[in-house]
Amino acid sequence: MPEMQDHVTTHQAEEDARNESVLIWLNGALRPRAEAVVSVYDSGFMLGDGVWEGLRLYHGRWAFVDEHLDRLFEAARAIDLDIGMDRAGVLAALEDTRAANGMEHDAHARLMVTRGVKARPFQHPSLSRSGPTVAIIMEHSRPAIPRPIRLATVPHIRGLPMSQDPKLNSHSKLNCILACIAAEKAGADEALMLDVHGFVNTTNACNFFIVRRGEVWTSTGDYCMNGITRAKVINLCRDNGIPVFERNFSLVDCYGADEAFLTGTFGAQTPVGEIDGRVIGTGRMGPVTERIRGLYKALVGA
C-alpha cells in the first residue's frame, strides 16, 4: 500500500502571494479582488444559472483558446443565454486581464457567464432583466499535486442528457460536489463516478483514463464532460501509435489496470495511485502516462 498522506485535490496549486492583489474582470471593468462582487439577486448565485470555462496560460498564450471559446458559446446557446460579446470581445477581455495582472506563464483563468441580475428571487429566466454577468478570475497558478490521486467510487452518477446533460459546463455543480464529499469521507481525494449503466465514467472534476497492456481506455464520452484535454490526449495517442479506445469498461477493469490518470485543463495529466483502496500498478506514474505527458507538453509548447 502507498504511504497515506494528507488529502490533496486535483486543482492543488502552490501558494502565491501575488494572488492577493490580482485584478478581476467584471462586466467590462477591472476590479481588485475585494471589490469584484455580484448581487445576491444574480442568477448564478441564486440558481447556478450560467456557464463557465477554465483556461491555462503557457508562455504568454492561452492553450487551445479556440476550442474553449467554441465550448463556451455552444453552452451559452444551449441554455439560451446571450453572452453580450462576440468571440473577439471575450478574447480581448482575457488579454486585458492578463496584461493588467502582468501574467505570462503558469496562470489560470476561470471565465464565468450568468443570466444576470433577477428582478425577484425566483427561477423563471424572464426575471433576469439585468445582464448577463460576465467575470474573469485570473490567478498565478502552478500545479502542486504532491502524489498520485486516490479515488473512491461513489453512488452519485453522471446522468442522462434529459436531466442535466453532463456535457454542459454549467454553474450547477451540486451533483459533483456531493460526489466529492462522499469520496472525501471515504478517505479519498476525488470521486470516481459511474454512468447510468454502471460503467466507469469520469471523476467529479476530471476525465478518467486507464492503461491496460499498453492500451489506453476512456469512457465512450456519452455521459461525461467533453473535455478539451481529454480530446487532445485521445488525438495524441492516435497520432503517436498508442492504441486508444473510447469504450465501456467496469471497475474490475480499473482494479486490474497497469496505470490510471486524469485529464483536465488545470493538471493536464494527473496520475492515479489508488482506486477504492486498491493500488493501481506501482502506485506511481506509469510509463504510458509519462509518455503522454511529454507529448502533451510538446503540443502546448508548439
Cα-projected label distance for VAL300 with ASP6, points at 7 Å along beta-carbon direction, nm:
2.5
Fewest to most Cβ atoms within 10 Å: ILE145, ILE292, ILE177 sort as ILE177, ILE145, ILE292
Could you name the aspartates and glutamates whose alpha carbon sits less than 15 Å from that of LYS173, not counting residues in the same chain fewer than 8 places away?
ASP49, GLU53, ASP165, GLU190
Reachable lysines from LYS297, Cα under 23 Å, same-chain residues fewer than 8 places away excluded?
LYS232
Determine the dipole magnitude for the range 17-140: charges of +1 sit on the beta-carbon of Lys and Arg, -1 on that of Asp and Glu, nothing else is charged, the reference point is the Cα centre, and the result goes in debye to the nearest 20.
360
Using a 10 Å cut-off on Cβ atoms, rank the peptides 83-93, 30-40 from the highest mean neighbour count down.
83-93, 30-40
About the Cα centre of the chain, how large is the charge dipole given +1 on each Lys and Arg Cβ and -1 on each Asp and Glu Cβ? Please answer in debye to the nearest 20.
200
Sort 61-73, 240-252, 258-270, 155-167 by packing, meaning the average of other beta carbons within 10 Å per residue, with the highest value first.
258-270, 61-73, 155-167, 240-252
Among GLY281, PRO166, LEU178, the residue whose Cα sits farthest towards the positive end of the charge dipole of the chain, when +1 is placed on the Cβ of each Lys and Arg and -1 on the Cβ of each Asp and Glu, is PRO166
Rank ILE292, VAL117, ALA93 by how far each Cα sits towards the positive end of the charge dipole of the chain (+1 on Lys, Arg Cβ; -1 on Asp, Glu Cβ) and give me just the farthest.
VAL117
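Once fully extended, how much extra length lies between THR282 and ALA119, figured as 0.36 nm per residue of separation less the alpha-carbon to alpha-carbon distance?
This chain segment gains 53.0 nm when fully extended.
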Per DSSP H run of n ≥ 4, the term is -39500 (n - 2.57); total these for the chain, divide by its residue number, and report the mean residue ellipticity at 222 nm rounded to 500 deg cm²/dmol.
-8000 deg cm²/dmol
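Coordinate-derived values only; no laboratory data. Predicted model only: the values in this text are computed from it and were never measured. Because the Cβ atoms are built from the backbone with ideal geometry, glycine has one as well, and the counts that use them run over all protein chains shown.
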